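The values are calculated or read from the model by the stated rules, or taken from the named source; none is laboratory data. Everything numeric in this text was worked out from a predicted model, so none of it was measured. Reconstructed Cβ throughout: ideal geometry from the backbone, glycine too, with neighbour counts over all protein chains shown. These area figures cover heavy atoms from the full protein model, side chains too; ligands, DNA and RNA do not enter into them. Shrake-Rupley method; radii C 1.70, N 1.55, O 1.52, S 1.80 Å.
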Amino acid sequence: MLRWEYKVVSLRAGHYTEALNEYGRDGWELVSVASEVRDPPAPPPERGGTGLPMPRAFGRLTDAAAKLNTLTAGESTDAQADTPSTTLLWVLRRPLDEE
């Protein structure tokens, strides 16, 4: 009975052919390509949202930093932060050596 070894890799954009040819030379066969969707990170908790007591001075610093970030962040940065990112995962296999 033939047994397989599997590997799942994420390849750098623009270097798919080069990387797949290298894996092929090492005996790997491409089985499938799947996408992994990552949700955007959750927004930071509001002041006091961590459940830990925080001195008022730190709350003011947090508020000031948040306001500064909104002033310096462009619209494109906000749009990118709110959209999920997708990574292609390449599923490879090669036969296990029979012992």
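Select from the stretch 30-48 the residues that are at pLDDT below 80 and open to solvent by less than 70 Å² (accessible area, probe 1.4 Å) and write down the one among them that is farthest from R94 (Cα to Cα). Steps first, answer last, please.
Initially, the stretch 30-48 is screened for residues at pLDDT below 80, giving 36-48.
With open to solvent by less than 70 Å² (accessible area, probe 1.4 Å) added as a condition, the list becomes 36, 40, 48.
On the way: E36: 23, P40: 35, G48: 53 Å.
Looking at residues that are at pLDDT below 80 and open to solvent by less than 70 Å² (accessible area, probe 1.4 Å), I get G48.
Among the residues of the stretch 5-29, write down those that are open to solvent by less than 80 Å² (accessible area, probe 1.4 Å) and within 24 Å of E98 (Cβ to Cβ).
In the first step, residues of the stretch 5-29 are kept if they are open to solvent by less than 80 Å² (accessible area, probe 1.4 Å); the result is 5, 7, 9-11, 13-16, 19-20, 23-24, 27-28.
If the condition is that a residue be open to solvent by less than 80 Å² (accessible area, probe 1.4 Å) and within 24 Å of E98 (Cβ to Cβ), then E5, K7, Y23, G24, G27, W28 are the ones that fit.
I need the full set of residues from the stretch 77-99 which are part of a strand (DSSP E or B) and either modelled with pLDDT of 75 or more or acidic (D, E) (or both), in order please.
Answer for the stretch 77-99, where residues must be part of a strand (DSSP E or B) and either modelled with pLDDT of 75 or more or acidic (D, E) (or both): T87, L88, L89, W90, V91, L92, R93, R94, P95.
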